[in-house]
Every structure is written in C-alpha cells, then in structure tokens.
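FYI, it's all coordinate maths here, none of it is from the lab. Predicted model, so just to flag it, every value in this text is computed and none were measured. For neighbour counting, all protein chains shown are included, and Cβ atoms are generated from backbone atoms with ideal geometry for every residue, glycine included.
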Amino acid sequence: MARQRPSGALGMRRRLGWGLFLLSLLLCAPLRAADVLLTASEDNPAVRTFTAELAAQRPQDQVRFVALEQLPAPGQLPSATRLILLDPQSLDWRLQDPRGPATLVLRISRLQAQQRLQGTHPPGLSLLWSDPPPSRQLHLIRKVLPQARRVGVLYSEDSQFLLNELRGAAQSLGLEIVAEPWDSTHDSRPLQNLLRNSDVLLGLDDPKLYNPKTVKNLLLSSYAQQRALIGPNAGFVRAGSLASTYSDQQDWLKTLDSLLEQAPNRWPRALYPADFKVLSNPQVARSLGIEEIDPQAVARQLSEGEQRP
Amino acid sequence: MSVGPSPLRLSLLLGMLFGHPALADDLFLDGSALPEVLTATRLKQSPAAVPGSMTVLDNELIRASGARDISELLRLVPGMMVGAISGNQATVNYHGTNASEARRMQVLIDGRSVYRAGLATVDWSDIPVAMEDIERIEVFRGPNTVSYGANALMAVVNIITRAPANSHGTRFKVTRGQRGISDWYASQGTGWETGDLRLSLSGQEDDGFDKNRLGADYRDSKRLNRVSLSVSQLLNEQQSIDWQLNAKEGTNQRPYTYKPVFYGVTQQGKDSDVIAKDYAGSLRWNLELNAQHSLYIQGSAQHWDRQQTWRACDAAISFSPELTRLWQINPNYAERLARGIKGFSDAGAPPPGSPAEQAIAQQVLTQWSAGGKQTVCGNIDQSTRETRYDLELQDTLSLSDNLRLVSGMNYRYDRADSETYFNGTLDDTTWRLFGQLEWRASEHWLIQGGAMYEDTQLTGNSLTPRIAVNYLINPRHGLRAVYSEAIRSPDMFENNVNWSYRVTGLSSPVYGQSSAQYFVRTRGPGNLDQEHMRSRELGYNGYFVDQALNLDIKLFYDEISGMISEPLRNNQYIASNSNSSRFSGSESQLDWQLSRADRLRLTYAYVHAQASNRLDQRLTASNSGSAGWLRQWGQGWSSALFYYGDSALNGYRFERIDTRLAKRLALGKANLELAGTLQQRLDHQPSTFADNRYDSRHVVYFSAELEF
C-alpha cells in the first residue's frame, strides 16, 4: 500500500490528511468502535431486545450479547471491552476476578450491592442503581403531597444502611423521616404504628418488606388510614401505591449512551440515572382526594430541580 | 427454561399497565407479578365525593373520648341525639323522634345489622362488641336504604372492628371508677402465612343512675361479659374469607314497675331484671374476579335472648274470662271498671256503657264479691327470643374508569318467639334487590343514583330511589345535592303484637288452675304500612390542605309520612300510619389538625322538628353539638378535652365536659398506658328522663392498658 502512494505536493497533502485521520482515529479509538459486551445468566427476548436497541443506538460500536455460561473468566476478556452486566449472577461472576475490563453493572439495587459487596467497591466497576434515588422520591413527595411532613419508612436489617442518607435528604427538604423496623412481616404492628405517626409512607426497594406477599397488607392498611404509599417501584404503583419515580429501558439506553461516549476511566463508581419518569395511580389519587398528578409535568419539574442543585 | 410468567405474557401485562407499546418487554421494569390491590372496586369515594353526609369517628378520637359505650361516642356526631331511658338503656336517634323508642336508625357491625326486627330497637349496651375492638365508626347522616337496606331511615351507624391483621399481640385493660365502673378487656391476636385471628374477651359493669325522681335507689345497673373471635383467611390470590363469632351474656337491672290495678292489693314483687344473651356468627366470602369486578357473599346468624321474669300480685279477678271478654269489646270500659271496681261494687252498679258491656260488667262485679278481690301472686315471663338469618350478595363492577355499579340482593329471615308479646312464634322473610350507579361525568361532576326494591312477607313491597349530584370544585372540595327516599318496615311488635300475660305459679289456684291469662290483651293492627321518608340535602365538604382542616356543612329538609308514633304500651296500643314529622336545619363539622400535637374538632347542629304527634318532637334538641381538643404533650403524655351539649332532650338540658389525661410508658417491648377520665356535668338536670339522676355531677374512672 505504501509503495503505491503518490508523490508531490498533492501526495504530501494526502499523506498529512491520512496522518491526521489516523491520529484522530487513534485518539478516538476507545470512544468509537468499542466492543460492548452485554451479559446475563439468562438469555431471553427481553435481553435480546435491549441489546438490539442499544446496538441501534450505537451503530459505531460493536454491541453483542453473550450468555454468562459462554464467557471465560473476566480477566481473559480483552481489556478494551466494555462489559455490561445485566443481573446479579453476572456480577458474582465478575467479582471472581479483580482483573477484567471496565464494567457497567445494571439492574442492581443499593440493597443488592450492599449484600454482595458489603460496603466495598471493587475497582473497574460502575454501579448503576436500579432503585429510585431516595432524594428523588422525597422530592416527589414534596410535589404531590406538599402538606406531608412526616415520611414513614419501614426498614429491615438489609435496608437499614439507607436511613442516614434518607434522613439527610429529608432534612434539606424540610421533611422528617419516621423510621420503623419491620423484622417480621407477619406482625403488622410496626406498620400500624408507623401509619399512626406519619403523613405518608415511602417504600424502600427492599424485597424482604415489599413483595407480592406483603403488598396487600401494606396497601390496604395504609389506605384504611388514608395514607399514601410512595414507591418503591413502578409495579407497586400499579398495585395501589400513589406514585413513584422509575427509569425504564428508554431511560437506561440514554444513560448508557452518554456513559459509552466517555472513556471508562471517567465512568462514575456509582450512578443513579438522570433520565426517569413518574408513574402515578390516578384512581388512588382520586380516592384520597389528591389533585390529579400529571406524570410528565412532575417528572420534568423534578428533573429541572435536580439539574440546578 | 424459565418458570413463571412467560416474557410474552409479562410484556403484555406491562404493555397494558403502561399503555405504551414502546415500554413493552422492558428489561428494567420489575416483572414480579404484584396483584392489583387497590382496585377500582375497592377504592372508596373521597370525602368530597361522598353522596351524602358522613362522620367518621376514628380510632384516635374513640380512644381520646374515654367513652365506655358506643352510644356515648355518638355524641361526637352532629345531629345525633343521645339520651338514656335508664342507666343500661341508651336511646339514640338522628335528629329526633320519640325519646323512649329509637327505631329509625340502622346499626351495623362489620356489615351485620344489629337492629332487632322483632322489637324495633337497638340494644346499645348489649351490642356484643368491645370498644377496644372498634377500629372506626362511620355514620352516614341521612337515609340510605339503597346501600344499607330498610330501616336506614334517618341514619346508618356502621361499626367497623379492627381487622385481625391489625390486632396482633396481647392487650390487657382494666378500668375502675366511681358509680361502680368496673370494666376489663383482654385480647390476643396472631397471624400466619395466609391469615390472622383475634380473640377478645371483655366485661363491663356499672351502677347506672343513682336515684330516681323520688330520691330512691334506681335499679338500672348492668353487668356483662363478651367473647369475640374474628378470623380472616386468604384462600388464594382472588379469594378470602372472614368469619366472626360473638357471644355476650349479662344482666340489665330493671326497676319493678308493675302497679296492681285492683283495689286493696298491697303485696308486690321485687324486680324485673333482664338476663340478656346475644350470639352472632358471620361468614363472608370475598371474590376478586379481576381488578374491575369483585363480589362478596355474607351470611350471618344472630340470636337475641332476653329473659325477663318477675313476680306480680293482683286481685284474682284479673284472670276472669268475663273481664277478658269485656276488654276485647271495649278496653276503655274494662279499664274504667277495673280501676274503680271497689266503688262500682259498693254502689252495686257497673259503669255506664252499652247493655252488653254492662251485662258482662255485672258478672265481673259478682265475681269480685265472690272471692275475686283475693290477692294472688304469680310469675310473669316477658322473655323474648329473636333469631335472624341473613344472606347477602353484593357485586361491584367497574364498567370503566368513570362508571361503577354496585348491585346485589339480600335475603333475611326473622323469627321472634315470645309468649307475652306474640303468644308464641312469629316470623317474617324479606327479599331485597339493590343497585347503585356511580358516574363521574367529568372531572367536576359526579352523579350517583340507585334504588332498592324490598318485599316483606308481613308488610308488602316497596321501591325507594336515591340520587346525589356532587360538584367537585377540585378533588378536595365538593358541593352536593341529594334527594333520597327511604322506608322503614313496621317491626313485628308494632304490627303483629299479640300481647298478653300468662301468669304461672299462682300462689293460690284460680278457677282450679295454677296458671291463668291476665285480662289485658293487646293486638297489633296487622295491616300497617311502611313509614316513608323523603329527604333533601345540600352540602359542602372540603379539606384545606395547608391548614389540615376538614369542614362539612349540611342543610337538610326531611319528611316522614305514614309514621307510626304510638308508644308501645299494653293498655290500648292502637298503632296507625297516621302521623308525620318534618325535620329541617343545618349541621356542621370541623376537624382541624392545628399542629402535629393539637387536634381540634367541633360539631354543631340546629334541628327544627315538627311532628303531628308531640311525642315525636321530644328527642330533638334544637341546638346541639360537641367540641374537642386533643393534644400530645410529648414524653408519652396526652390529653383530651370534650364538651357535649344538647339544649333539650326530652325537655332536659344536657351539658358535660369530659377530660382524659393519659401517660404512655414503654416497658421494654411492652407499652403501658395509664389514663384517667373525669366527666363533669355542667347542668343540674336529670338525663333525658326524670328518673335518671346522679348523686354527684361528676364521675372519675381510671384505666390501665398493657400492650405487648
């Protein structure tokens, strides 16, 4: 190829152009044609759809999904690979090996991380939280229930570590966190106590407390006391929570897009997605005598608030 | 292979949920299938959208009031007239009517009516529910037969007990105080994977009023024990059952009131106490077909047993068949003869009357002289046993986001058994069909209408409509206009009484028998119609968020026609539908959470009653109300101060201040609450009736409650 190159001023200019192009390619290489590898323990259409959508969003990258069982140990993957983990099992696999490519951990909650990492933060891992950020949920409370001051929070030993952060966020909003441990969900006295002493209930994404078995008691008891439940996730809103913020696939695609634009060494160690939506249950709002919530408008206002701290 | 919902189904589900195709198959939305709990069928109207006036007495208020009886609590409801016939017989009616018979209000415990069809009454102190088991009381102020069935003529008191799921743990409570107050309560609640239960035992005792108008001891104390079991059990995602068993036994003292009719009888009996036993059981099966459709079937059985026997003495002539015949021909004439028999006998001539009456009267006078004046004592048994079986199906269907239909049917069988009142057994069956449609025409307009059709074996059928329009200024503030009709079926007593006394165990045989029939006999007309109520109401309900203040105002104009006003008496009870009443006025209710520590509650009612029978104006206080201030002082201290006032109940003013001071102590995992209640009457009048008097204008009682 070099032997066929033309000579003269034109050739010089062309050479310079190529040089610049190569240089820029070299500089941009990690940002452009990256190898984005998604993995999860289970290969299913949802995962495939997500991979396809991410690939469509990042035509310049090579985006592919490989099931966990087909992958070698993390350290054997090329270091330039950007690894995206889609479930806790894949995180377990990634944690086996301190070496390995830069990794974005998706679909992990604060609680799951706490249980798996016990407060440590292995290098090379960027944790993208799946549960709604406490401060965002508190802002949502301020928005839809401006008169509420005492925010009731049930916690288990798993979720206890979140309380301090929650209290801090509440304080800056003029809210008070009324926390109540709920050790046994068969015993509803803590819930009753809490409902008596708070204006609204905030659900933490703690599957020990908020699960299909407890949902009925939680929602019926709070409704009986005319207390709204905020959170813990979109599924609960459908079951009868008043409202919650949440991030769906589109939000996560946007978040990933902006992260993949950056060099992995600039990835944050942990992150709540900046893109989110609000979901409300209009029937519940109506029954509680609460003004209709416009999810888009509320999400926009919350988002604007987050952008100018 | 994945277990559980297929991704396709899941995505469909989520697609339906968010109504946004782009979100289907979303990897980030929690797929764990949560059931829809607060469904359109389960959610109730917000206070501003309720098609009528409602007062809710919540748990905090009930506790703070220090009240020992449900009837006392109802003083907190605007327009509710709470009086007392005696220390163990409360009389409660909304807006008024007769002071001694409060029979126009429906009372339900967890959906089961405790209104006694046989004797047209609610035995407030015998309701087999402990105050400590009550979660809240919802009072629907106004007629609502569409939702609650006949007899919901003037108001509905809906007593809701604590769900077993909310009653876990152990509670003990003891109350002691002046006037012989001695109450206790114990409960144990527990839960398992799919269900919960609560067992509670309780007892109550007090001396009632201290003295009657003559200053003599008033025999009206009460003593009772109750047991109640409440269980809820989840069968699967869609189905659950709730069942309850309640039993109560007790004694209600009654003063001895029998006065011999005939001259010269001085012997008399002592007392006529009532042994009251109540049994109830109910079973409810709830089925959630889907988020838009649910139904329940509730069956209940109840038995009221009132044993009342006493010894009475009168002249042997009381059992004369001739005197009985004379009573049947002309009760007035017979009574005149009986009360003045000595005079007529001395004069040797019966009172003036028709020849036939005089002929029989002459025979009676002859019997009087021939040993008829001899005193005879015997046992009178005025016991009643009433049984009710009730089966109800109610279906709630959410046709769309803005349209909901509640419909159902009800079957009821009532049987009353009393030698004295019914000369044996009497029964009645009732069929009921009802439907109510709620239509949210727009963001602001809400129209709710319905009708009930009822067919009663003893009194025939009726159809009652109801329509309410609510205008919601916003979700928290609403104006309402309501028109409703309601009926009350005459009860068995009013319509079919066959009142006579068979006296047994006679001290000396009469006509060779040891038992005999007393000459007075009263029969109900048997053809009474239902009472009919037409009610019109304009109201406002609003919640001011910034002030945390709830306000309800109501203007009303109610008319009852075909009213049965005659008092239930055994001498000359001539019931008819010939009376009418009108009630008009206004009510307001304010509940204000002044601060986190202070709650203020005010109620006021102005009621103007006009009745064709003046007895129906007796239980209406034209001005009545309550004021309450609840405060948490911190460190476990709390206080409550209530004022209750009625300008005149049956002619007597009623004003009282109740103060309760409580201190909560944490003992490890347990909680102990010590409380003292002082009730201070501000007026010097008897309570509702002249015989209801206390020695002192105040009473103090203390309670200790341990919870762990």
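Here are the numbers:
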| read-out | value |
| --- | --- |
| Computed label-point distance, nm, for sites B:Tyr511 and B:Arg596 using a 7 Å Cα→Cβ extension | 8.0 |
| Rounded to 10°, Cα long-axis angle of helix B:355-367 versus longest principal axis of chain B | 80 |
| Theoretical gain in end-to-end length, B:Trp285 to B:Leu706 [0.36 nm per residue, Cα-Cα removed] | 148.2 nm |
| The range B:203-290: trypsin sites (Lys or Arg not before Pro) in DSSP coil with no more than 14 other Cβ atoms inside 10 Å | B:Arg213, B:Lys270 |
| Karplus (6.51, -1.76, 1.60) ³J(HN,Hα), θ = phi - 60°, over the range B:540-549, in Hz, Gly and Pro reported as x | 9, 9, x, 10, 8, 4, 5, 8, 6, 10 |
| For peptides B:351-359, A:297-305, B:128-136, sequence by mean Cβ density within 10 Å, most packed first | B:128-136, A:297-305, B:351-359 |
| For chain A, share of DSSP beta bridges that run antiparallel, in % to the nearest 5 | 10 |
| The range A:251-262 - phi-based ³J(HN,Hα) in whole Hz, Karplus 6.51/-1.76/1.60, Gly and Pro as x | 5, 5, 5, 5, 4, 5, 4, 6, 5, 5, 5, 9 |
| Total charge dipole magnitude, chain A, about the Cα centre, Cβ charges on Lys, Arg, Asp, Glu only, Debye to nearest 20 | 1120 |
| Nearest-ten-degree value, helix B:7-18 long axis tilted from longest Cα axis of chain B | 70 |
| Shielding by partners - mean other protein chain Cβ count within 10 Å, residues of A:231-242 | 5 |
| Cβ-based charge dipole, the protein assembly as shown, positive-most Cα from A:Gly203, B:Leu446, B:Phe708 | A:Gly203 |
| Net +/- balance of residues flanking B:Trp637 in space, Cβ distance below 13 Å, scoring K and R +1, D and E -1 | +3 |
| Alpha carbon centroid spacing (whole Å) that separates the range A:141-212 from the range B:148-198 | 28 |
| For the range B:163-300: relative contact order, % (alpha-carbon pairs under 8 angstrom, 6 or more apart) | 17 |
| Proximal lysines to B:Lys342, defined as alpha-carbon separation beneath 27 angstrom and excluding residues fewer than eight positions away on the same chain | B:Lys259, B:Lys270, B:Lys373 |
| Relative contact order (percent, whole number), the range B:573-676, Cα cutoff 8 Å, 6+ residue spacing | 18 |
| Across A:Lys213/A:Lys277; B:Lys44/B:Lys173; B:Lys211/B:Lys554; A:Lys213/B:Lys44; A:Lys277/B:Lys44; A:Lys143/A:Lys216, pairs whose alpha-carbon gap is larger than 31 Å | B:Lys44/B:Lys173; B:Lys211/B:Lys554 |
| Using θ = phi - 60° and Karplus 6.51 cos²θ - 1.76 cosθ + 1.60, couplings along the range B:252-263 (whole Hz; Gly, Pro as x) | 10, 5, 10, x, 7, 10, 6, 10, x, 7, 9, 5 |
| Inter-label distance, nm, simple model (7 Å from Cα along the C-beta direction), B:Leu245/A:Arg150 | 3.9 |
| The range A:183-290 - share of DSSP beta bridges that are antiparallel (%, nearest 5) | 50 |
| Interchain or long-range residues, amide H under 5 Å from A:Arg149's placed H | A:Asp199 |
| Per-residue average of Cβ from other chains inside 10 Å of B:159-168 | 4 |
| Placed amide H near A:Arg82: partners under 5 Å, 5+ positions off or other chain | A:Asp35, A:Val36, A:Leu37 |
| Helix A:8-28 axis, angle to chain A major axis (alpha carbon atoms, nearest 10°) | 30 |
| Percentage relative contact order, chain B, counting C-alpha pairs under 8 Å, at least six apart | 13 |
| Label-point separation, A:Asn193 to B:Asn461 (7 Å along Cα→Cβ), nm | 5.7 |
